[in-house]
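Report on the structure given below.
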Amino acid sequence: MKYVKEAFDSNWVAPLGPNVDAFERELCAATGAKHVAALSSGTAAIHLSLIMLGVGPGDYVIGTSFTFSATVNPIAYLGATPVLVDSETDTWNMDPELLEEAILGIKSGVWRSGGSAVLRSKEAGAGRLPKAIVVAHLYGMPARMKEIMAVADKYGIPVVEDAAEALGSEYMGRRVGCNSKFGILSFNGNKIITTSGGGALISDDAALIEKARFLATQARDPAPHYQHSEIGYNYRMSNVVAGVGRGQLEVLDLRVKQHREFNAWYRELLKDVPGVRFQSEPSADFYSNFWLTCIVIDPAKAGTNREKLRLAFEAANIESRPLWKPMHLQPVFAGCPAFVNGTSEKLFENGLCLPSGSNIDAEGRRRIEEVLRREFKV
């Protein structure tokens, strides 16, 4: 409220202003990124990153299949074709081996869809490399960036990290979003901290972030009159919203601590339940904010299934939801090249996002525990 009041008291209500400048500096400190552009959404950040990487009609961009559609939609905005890559079983994020297969498949004009090889014509992109790779850090869990970057660097393809769900998470001691060309943050209402709506583009490249700010403010040329030499966008964050973000950023570490503690509570509660597997950190290199606590249920061992548990929560007026439906199963992306191994489809079929809000109190936990004990008979 202090920062929002300052915005109104100083009459800095419209986009840009002291809070925006300060929020960008504070995000640099919080993430370790050298430069930040505060924007209207994480989706806008992905869109701008792809524009600056030169993505356009006829290009191919590799994206994580097991994610929310906002990771992939900006590829389509630019007239490019999403190339959807499945997950590996440990982090549930992009499989580095399938990533290389996708790169070579697009280059050769042969790719898999549902496990079978499909030969495409030369006009489908044979002989060309994908223009970019967009990797999502799912539910706060860092992807295997060392292996992914090794593949990307081998072929000279820039990487964009969609860290919309992973603010506060770390990979090999660095905050996610800082292991590639660009990082994407989201402050939507359901994220670990929120500005009500908003996002950010982060990078160590000062010129690219300055270009992003230019494009995000309608690409207005430096002239005494309104002059535009490029297509621009209305993507900048407002000074009021940035004030909310500054206050939220002060409690980021607390929110991460709360989410990790809640995740540990679930693990202890369900540790003796057969057929329940959590999304887990594979090693000490991975540090998840556990934005959402997610489980996979083996019906044969657990005595129930994902949908029965979801409906039991719903009957108790408690929200839970299935894991993301993979993009290669979405009608809108049905015709896209897909390199799949069945992992994300199994996760979608058997996985559930448990209630994970940082504001769930002792009474809320009691209600959740009651449902879980009843359904799992523990």
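Contact map, region 341-359: residues that are over 12 Å from R321 (Cα atoms) paired with residues that are of a type in the set (V, I, T) and surrounded by fewer than 18 Cβ atoms within 10 Å (Cβ to Cβ), Cβ distance under 7 Å, separation 6+ or inter-chain. Pairs shown: T343/T89. If E369 satisfies every condition in (1) within 19 Å of D272 (Cα to Cα); (2) under 28 Å from the mean Cα position of the chain (by Cα) but one, which is the exception? With (1) within 19 Å of D272 (Cα to Cα); (2) under 28 Å from the mean Cα position of the chain (by Cα) applied to E369, the lone miss is (2).
Residue check: is R306 more than 20 Å from H137 (Cα to Cα) and either without any contact (Cβ under 8 Å) to a residue 12 or more places away in the chain or assigned by TED's automatic domain parsing to the domain that holds G109 (or both)? No: the conditions fail for R306. Candidates P355, P331, P282: the one that is surrounded by fewer than 16 Cβ atoms within 10 Å (Cβ to Cβ), touching an Asp or Glu at 6+ places or on another chain (Cβ under 8 Å) and not assigned by TED's automatic domain parsing to the domain that holds P96 is P282. Taken over region 235-276, the residue count meeting the criterion of being closer than 30 Å to A302 by Cα and of a type in the set (A, V, I, L, M, F, W, C) is 8. Note on region 107-134: among residues that are β-branched (V, I, T) and at pLDDT 90 or above, the one that is farthest from the chain's Cα centre (by Cα) is I133. Annotation note: of A37, A7, the sole residue that is assigned by TED's automatic domain parsing to the domain that holds V160, outside any loop (DSSP other than H, G, I, E, B) and in contact with a Gly (Cβ under 6 Å, 6 or more places away or on another chain) is A7. Within region 140-170, the set of residues being crowded, with 24+ Cβ neighbours inside 10 Å and among the hydroxyl-bearing types (S, T, Y) comprises S169 only. Scanning region 16-35 for residues that are surrounded by fewer than 16 Cβ atoms within 10 Å (Cβ to Cβ), closer than 15 Å to L185 by Cβ and more than 21 Å from the chain's Cα centre (by Cα) yields a single hit, R25. Number of residues in region 224-256 that are within 13 Å of I192 (Cα to Cα) and β-branched (V, I, T): the value is 2.
Selection of strands (runs of 3 or more DSSP E) fully inside region 257-364 by the criterion of at least 2 residues being of a type in the set (A, V, I, L, M) returns 294-297. Here G58 qualifies as over 20 Å from M237 (Cβ atoms) and at pLDDT below 95. Counted as qualifying within region 157-230 are the strands (runs of 3 or more DSSP E) with 2 or more residues that are among the β-branched types (V, I, T) and touching a residue at least 24 places away in the same chain (Cβ under 8 Å), namely 159-162. Return yes or no: is A164 modelled with pLDDT of 95 or more and aliphatic (A, V, I, L, M)? For A164, the condition - modelled with pLDDT of 95 or more and aliphatic (A, V, I, L, M) - is met.
The values are calculated or read from the model by the stated rules, or taken from the named source; none is laboratory data. Quick caveat: nothing in here was measured; it's all calculated off a predicted structure. All Cβ positions, even for glycine, are placed from backbone atoms using ideal geometry, and neighbour counts span all protein chains on display.
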